[in-house]
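I have placed the structure first, in the form of structure tokens, so that the comments after it can refer back to it.
The values are calculated or read from the model by the stated rules, or taken from the named source; none is laboratory data. Fair warning: this is a prediction, and the values are worked out from it, not measured in the lab. As a convention, Cβ positions derive from the backbone with ideal geometry for all residues, glycine included, and neighbour counts pool all protein chains shown.
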Amino acid sequence: MKKILSLVLILLIVWIVSLLYAAHQTEKLITQYIVKTNEFYRQNYLGIELELTKFESNFFDANAQYTIKINSKELSKVLNLNKDEFVKFETVVKDPFIVNQNIQYGPILFGGDNVEFGMAKISYHSTLNNLIRAVIPYISSEEQLNTKKLNGIISDLSQVLEKEVTLNFTSVLSFFSNEIYSSGSISDIRINKNGISLMVEEMTFDSVNSVQNPLLNSRLNVPNIVFKSKEGEIINIQNLLIFHNFDKATDELNYLGNTKFGIQNLSFQFSADEKINLAVNSVMDLSQGKEPNLVNAKFGAKLEILKYLKKAELTPFDLPKILQFSLSLNGFNQAEFATIFYKIRDCVATTDIEKTNPLVCLKSNIDNIEKIFVKQVSNLNFNVDVTTIRQPKIHNTGNINVVYNFDKGDIKQLLTIINDHPAEVGKFVRGKFIANLKVKANPEILKDSEPALKMLMQKNLIVKKSGLYQADISYQKEKFTADGKDVTAIFQQLGMSNK
């Protein structure tokens with residue numbers, strides 16, 4: 001019995017110490033997080049500031065109040081608003097916005113059906129109606145928005161929504177690290193008015209970030225979105241997913257990681273028999289280059305046509321089933337790109353474009369622009385891959401590779417030519433890059449083009465290898481080669497060279 005009582009006493013002491021530690025650390029970590037968030041805002045969204053205005057701590061929990069302050073003059077510069085837009089914007093953000101949150105101390109955190117372990121849980125629960133009641137007084141251009149008018153807005157919204165929308169967001173602070181685990185949901189949104197309906201199933205959100213790095217590693221998922229028009233047309237989006245993963249981040253332009261966007265099934269139904277189904281996936285990836293200060297950026301997309309319209313399926317030629325393409329920029333200086341982007345953005349924001357040529361912003365930062373790309377290292381790649389419906393084994397590919405080869409001072413000279421002699425831009429650029437085009441195509445889908453293909457074969461621009469039409473064309477120093485043979489004269493005859 002004594003052992004049991006001793007164990008209970010020890011656990012009670014640990015629990016009390018944990019509560020006291022959580023109370024002390026939570027306010028400290030929230031303050032640090034706000035400092036880092038404001039640093040991010042100053043770098044990317046100058047004019048927004050977050051402040052912890054109140055922190056009332058009890059033994060088991062606490063209440064926190066945050067104030068979001070917006071400097072309309074500073075933020076309008078970033079948004080590049082004109083005078084009329086600024087006047088409207090200034091009335092919208094005339095007062096700071098206040099957010100209240102409840103904080104539950106650990107180590108054992110209760111919430112709904114879940115029991116979690118952590119230092120503290122920060123919660124925000126509301127309904128769309130209550131959120132509007134809180135927000136509208138801050139964004140209304142009227143000096144006073146009376147209760148009757150506000151209730152009228154809520155009533156109109158309730159008539160459009162089939163049921164009340166709830167919002168739930170929680171963040172858990174870890175005991176053993178500075179990581180913050182967040183999750184949230186917005187319940188079903190169902191709108192029905194004048195024969196038009198919109199249904200958005202419950203959206204879910206989760207993320208992991210840290211006190212030192214407020215940039216999110218996050219995921220947003222929407223299971224189903226259905227829009228129906230008066231005419232009976234239906235747009236249906238199933239399993240919409242947006243995912244961010246940052247391995248290393250300084251600000252919104254200086255990071256390594258990837259962003260993914262996908263739709264499992266996107267359908268457009270025009271009538272009972274006319275429907276087209278697509279699947280869409282894309283990824284933006286930033287990875288470390290060969291040198292420490294260089295980065296490789298790649299954007300890839302895949303479009304899969306799951307079902308064509310009946311009229312399209314009756315066409316005599318083969319239709320594409322899967323289209324894939326990628327665009328990559330390798331070996332560029334990301335830090336220099338971010339620096340010049342912010343400088344040009346600020347320059348444009350303070351320049352009257354109607355009176356002044358915006359090229360002045362480029363010219364004033366020309367030295368930094370030249371540092372973005374590295375000679376013989378920076379290159380641009382574009383790839384296309386096609387699979388067809390009736391002949392799924394037929395694989396057609398296209399690849400374009402372009403290497404930019406600018407020497408120091410070339411960009412400054414190029415901007416001068418663009419400004420003074422725009423007609424000579426082509427002549428200047430032709431000697432500054434190397435390009436290569438590779439294509440493979442199956443004869444089955446090019447039957448109607450055989451006469452033109454034979455002409456290209458006679459001119460040595462394409463060859464037939466392994467049962468495929470193939471082309472390997474390069475351009476360098478104003479000369480064209482095809483499969484290793486000089487074909488510059490042929491391109492001159494075709495009007496594609498000005499040498």
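Among the strands (runs of 3 or more DSSP E) confined to segment 152-264, the ones with at least 3 residues that are among the aliphatic types (A, V, I, L, M) are located at 166-173, 196-200, 217-228, 234-249. Of (1) in a strand (DSSP E or B); (2) at positive phi, ASN460 satisfies all except one. Which? Condition (1) is where ASN460 drops out.
Looking at segment 120-140, which of the residues that are of a type in the set (A, V, I, L, M, F, W, C) and either modelled with pLDDT of 80 or more or more than 23 Å from VAL172 (Cα to Cα) (or both) is farthest from the chain's Cα centre (by Cα)? So the residue we want is ALA120.
Of all residues in segment 469-487, which are modelled with pLDDT under 85 and surrounded by 14 or more Cβ atoms within 10 Å (Cβ to Cβ)? Selection gives ASP483 alone. For segment 357-448, the helices (runs of 4 or more DSSP H) that sit wholly inside it and include 1 or more residues that are at pLDDT 75 or above and of a type outside the set (A, V, I, L, M) are 359-363, 410-420, 425-430.
Within segment 46-91, the set of residues being among the basic types (Lys, Arg) and modelled with pLDDT of 80 or more comprises just one member, LYS54. For segment 431-443, what are the residues that are surrounded by 14 or more Cβ atoms within 10 Å (Cβ to Cβ), out of contact with any Gly (no Cβ under 9 Å at 6 or more places or on another chain) and not aliphatic (A, V, I, L, M)? The answer is LYS432, PHE433, ASN436.
Any residue in segment 302-314 that is buried (at least 16 other Cβ atoms within 10 Å of the Cβ), within 21 Å of LEU240 (Cα to Cα) and aliphatic (A, V, I, L, M)? Within segment 302-314, one or more residues are buried (at least 16 other Cβ atoms within 10 Å of the Cβ), within 21 Å of LEU240 (Cα to Cα) and aliphatic (A, V, I, L, M).
Annotation: of all residues in segment 268-302 being hydroxyl-bearing (Ser, Thr, Tyr) and assigned to a strand (DSSP E or B), the one that is farthest from LEU380 (Cα to Cα) is SER282. Restricting attention to segment 419-430, the residues that are touching a residue at least 24 places away in the same chain (Cβ under 8 Å) and surrounded by 14 or more Cβ atoms within 10 Å (Cβ to Cβ) add up to 1.
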